[in-house]
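The values are calculated or read from the model by the stated rules, or taken from the named source; none is laboratory data. For clarity, every value in this text was computed on a predicted model and none was experimentally measured. Virtual Cβ from ideal backbone geometry, glycine too; neighbours counted across all protein chains shown.
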Amino acid sequence: MTNQDTQTVLQPELINQLDHKILYLGQLQTAISTNQVPLVYELLDSKKYNEQIRQRAHADSNQELASLVADIQQDIAHFLAPELLAYLTANFDFLRFEQDDENPILYRVYLGDWWHHRQLGVLNVLTITIDYDQKVVTELTQTAQLANGDSLNAAHIQEVNQIIMGLEAFLADDTKRRLELQVLEDQINALQANKSGLFGRNDKATRESLEKKRELLLATQKRVPEVEKKLAVQQEELLTLEKEDALRQLELQAILSQFETVPAFTTALANSYVAYLTQFSKD
């Protein structure tokens, strides 16, 4: 078989493959130009669309065709994002979305609009999936199960408060120690000034005992700066623990204002792909 014969045999298959690619790109172009959002998502991942929207099990993948637009995914995401975010904000009004600076396809999802709001996860605009921070979800679930007035950090807060009380008590005794030092200094000076000793006799043992007490008090006094630093650290930790509990309560209140439970909320959010795309057929 000559080279020309080989080319003749392969030509129909090659043309067929090219036709498929051209058809795919044409469909995607039309879907975008006519704002057919569900069709865009179907063309990006037909397997997922057919299985979740059309309920067709074991649907074929079009990943090879979808790879044709891999280099313009960010532009497609820019086209899809406004309507998707408007839908999510309307249905989860306590969530806030911020585009990732390094990857425009992704949006950071935050709970609430208050100061120091926490990140719940990351939204992928092209797949309408959220990669959750499981630590945050677990904490919220556990907080919802606590009795009124209780918190996740309650035991830790109690421990820190006990430490703070001990450190504050040590520092509160500073005035007492200073007075004791002054008394000891006076007694030692009196012994040194009176060679015959306290009460008229030379009492070396008394002087040594007083000096040991003074050394002990001075050593204790030297710890004051260290204790003050430890107190500041513990107070900062206490503030952090209390803020964490307060934030979780705010987050939980926001969630429960719309959903019965935290799992009901995360399930609804995870179902956004189906809920968002099926709503177009209802319009």
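Could you tell me whether any residue of the range 112-127 is farther than 30 Å from Asp75 by Cα, in contact (Cβ under 8 Å) with a residue 60 or more places away in the chain, in contact with a helix residue (DSSP H, G or I) (Cβ under 8 Å, 6 or more places away or on another chain) and not small (Gly, Ala, Ser)? Talk me through it step by step, then tell me what you get.
If we filter the range 112-127 for residues that are farther than 30 Å from Asp75 by Cα, which is where we start, we get 114-116.
Of the ones still in play, those that are also in contact (Cβ under 8 Å) with a residue 60 or more places away in the chain are 114, 116.
Now narrow it down to the ones that are in contact with a helix residue (DSSP H, G or I) (Cβ under 8 Å, 6 or more places away or on another chain): 114, 116.
Checking the rest, the ones that are also not small (Gly, Ala, Ser) come to 114, 116.
So far as the range 112-127 goes, yes, one or more of its residues are farther than 30 Å from Asp75 by Cα, in contact (Cβ under 8 Å) with a residue 60 or more places away in the chain, in contact with a helix residue (DSSP H, G or I) (Cβ under 8 Å, 6 or more places away or on another chain) and not small (Gly, Ala, Ser).
Taking the criterion of being touching a Phe, Trp or Tyr at 6+ places or on another chain (Cβ under 8 Å), of a type in the set (Gly, Ala, Ser) and assigned to a helix (DSSP H, G or I), the only residue of the range 217-265 that qualifies is Ala254.
Scoring Thr278 on the criteria (1) exposed (fewer than 14 other Cβ atoms within 10 Å of the Cβ); (2) in the same structural domain as Ile164 (by TED's automatic domain parsing) leaves a single failure, condition (2). Taking (1) touching a helix residue (DSSP H, G or I) at 6+ places or on another chain (Cβ under 6 Å); (2) modelled with pLDDT of 65 or more; (3) over 30 Å from Val137 (Cα atoms) in turn, Arg178 satisfies each apart from (1).
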